[in-house]
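To keep things clear, I will list the structure first and then write my remarks on it.
The values are calculated or read from the model by the stated rules, or taken from the named source; none is laboratory data. Quick caveat: nothing in here was measured; it's all calculated off a predicted structure. Positions of Cβ are backbone-derived with ideal geometry, glycine not excepted, and every protein chain shown enters the neighbour counts. Protein only, heavy atoms only, side chains kept; ligands, DNA and RNA dropped before computing areas. Shrake-Rupley method; radii C 1.70, N 1.55, O 1.52, S 1.80 Å.
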Amino acid sequence: MQLIDIGVNLTHPSFVPEREAVLARAIEAGVVQMVLTGTSLDDSEQALELCRQLDEEQRLYCTAGVHPHEASHWNSGSAKVLRGLLAEDRVKAVGECGLDFNRDFSPRPQQEKAFEEQLGLAVELQLPVFIHERDAGERLLAILKDFRDKLPAAVVHCFTGERRTLYSYLDLDLHIGITGWICDERRGTHLQELVREIPEGRLMLESDAPYLLPRTLRPKPRNGRNQPAYLPEVLACVAEHRGESTEAVAAHTTACARAFFNLPEI
């Protein structure tokens with residue numbers, strides 16, 4: 001089986017001492033390609049540099065964008081810098097961008113402005129979008145509807161919402177990313193019922209490492225840190241609750257991710 005992890009925060013400081021080892025363990029576990037997440041302009045540049053430094057086998061790619069938490073830093077020069085990053089071959093999507101009305105680390109009007117301008121870049125450059133949304137589904141949908149017909153594709157990263165929100169996203173022909181949240185018996189049980197509603201060709205898997213360690217994982221790492229090598233645990237949970245074999249889910253989610261991000265066969 002081959003898996004593709006569509007969301008890895010490899011720029012996180014906790015990975016600095018052992019990035020090569022993290023990648024080696026992922027490959028050994030069957031995670032053959034990974035998309036590193038860019039959450040700010042500086043972070044996106046670092047993700048791109050890691051792709052260049054650590055990968056000679058077409059295994060690492062990245063996104064470039066400004067997370068809603070960082071939206072207060074968006075200014076007149078940000079779009080120019082981001083456009084340059086998006087021109088790089090290893091950069092496969094615009095994001096992580098979107099809206100976060102849960103923590104509100106940036107004022108909501110600035111979140112919306114940064115999101116709209118990044119959607120505009122995605123339309124201009126015909127790139128897919130890697131979307132973050134927390135407690136902002138209705139507003140995000142309202143903004144996205146004005147751009148959707150001109151966008152090639154968009155994925156709601158780390159989906160944790162309810163049935164109504166999922167159906168609204170699917171009605172807009174969006175892709176859905178599922179993480180280890182689905183393995184959490186405290187807060188992810190609703191996803192176990194919903195995951196079967198996501199059609200083949202719209203479902204992708206992600207670790208969101210070093211966050212969201214699957215709670216079903218045994219043995220648990222002492223440091224409590226997630227990594228791409230644990231993506232098979234997410235796969236197993238998704239397959240169980242979809243009533244499919246792990247081989248089938250691996251095949252269609254990998255094919256979906258490869259098409260979405262325009263990744264080469266490996």
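Looking at Tyr169, is it buried (at least 18 other Cβ atoms within 10 Å of the Cβ) and under 23 Å from Met1 (Cβ atoms)?
no
Do you know which residues across region 225-234 are touching a residue at least 60 places away in the same chain (Cβ under 8 Å), touching a strand residue (DSSP E or B) at 6+ places or on another chain (Cβ under 6 Å) and either surrounded by fewer than 20 Cβ atoms within 10 Å (Cβ to Cβ) or not polar (S, T, N, Q) (or both)?
Pro228, Leu231
Check Glu70, Glu45, Glu88, Glu56 and return the single one that is modelled with pLDDT under 95 and more than 26 Å from Pro221 (Cβ to Cβ).
Criteria check complete, one pass: Glu56.
Specify which of the listed residues (Arg258, Arg242, Arg222) is open to solvent by 40 Å² or more (accessible area, probe 1.4 Å) and of a type in the set (Lys, Arg).
Residue meeting the stated conditions: Arg222.
Open to solvent by 10 Å² or more (accessible area, probe 1.4 Å) and of a type in the set (Ser, Thr, Tyr), is that true of Thr216? Explain how you work it out, then say what you get.
Details: open to solvent by 10 Å² or more (accessible area, probe 1.4 Å): yes; of a type in the set (Ser, Thr, Tyr): yes.
Taking the combined requirement at face value, the residue satisfies it.
For Glu96, only one of the following conditions fails: (1) under 19 Å from the mean Cα position of the chain (by Cα); (2) farther than 19 Å from Cys62 by Cβ. What is its number?
It is condition (2) that Glu96 fails.
Could you tell me which of the residues Cys237, Cys183 is farther than 13 Å from Leu3 by Cβ and either open to solvent by 10 Å² or more (accessible area, probe 1.4 Å) or of a type in the set (Lys, Arg) (or both)?
Cys237
Here's a check for you: in region 67-83, which residue that is of a type outside the set (Lys, Arg) and within 17 Å of Glu49 (Cα to Cα) is nearest to the chain's Cα centre (by Cα)? Quick ask: steps written out before the conclusion?
Here is the first cut: in region 67-83, the ones of a type outside the set (Lys, Arg) are 67-79, 81-82.
Okay, now just the ones that are also within 17 Å of Glu49 (Cα to Cα), so 81-82.
On the way: Val81: 21, Leu82: 18 Å.
That would be Leu82.
Are there any pairs, at least 6 apart or on different chains, whose C-beta atoms fall under 6 Å, with the first in region 25-43 and farther than 16 Å from His12 by Cβ and the second open to solvent by 30 Å² or more (accessible area, probe 1.4 Å) and outside any loop (DSSP other than H, G, I, E, B), and if so, which?
Listed by first residue and then by second, the contacts come to Ala29/Pro232; Leu41/Val81.
Any residue at all in region 172-179 that's farther than 23 Å from Thr216 by Cβ, in contact (Cβ under 8 Å) with a residue 60 or more places away in the chain and either surrounded by 19 or more Cβ atoms within 10 Å (Cβ to Cβ) or among the small types (Gly, Ala, Ser) (or both)?
So far as region 172-179 goes, yes, one or more of its residues are farther than 23 Å from Thr216 by Cβ, in contact (Cβ under 8 Å) with a residue 60 or more places away in the chain and either surrounded by 19 or more Cβ atoms within 10 Å (Cβ to Cβ) or among the small types (Gly, Ala, Ser) (or both).
Regarding region 44-64, can at least one residue be identified that is over 22 Å from Phe130 (Cα atoms), in a helix (DSSP H, G or I), of a type in the set (A, V, I, L, M, F, W, C) and open to solvent by 10 Å² or more (accessible area, probe 1.4 Å)?
yes
In region 84-129, how many are among the small types (Gly, Ala, Ser), surrounded by fewer than 14 Cβ atoms within 10 Å (Cβ to Cβ) and in a loop (DSSP other than H, G, I, E, B)?
Of the residues in that region, 1 qualify.
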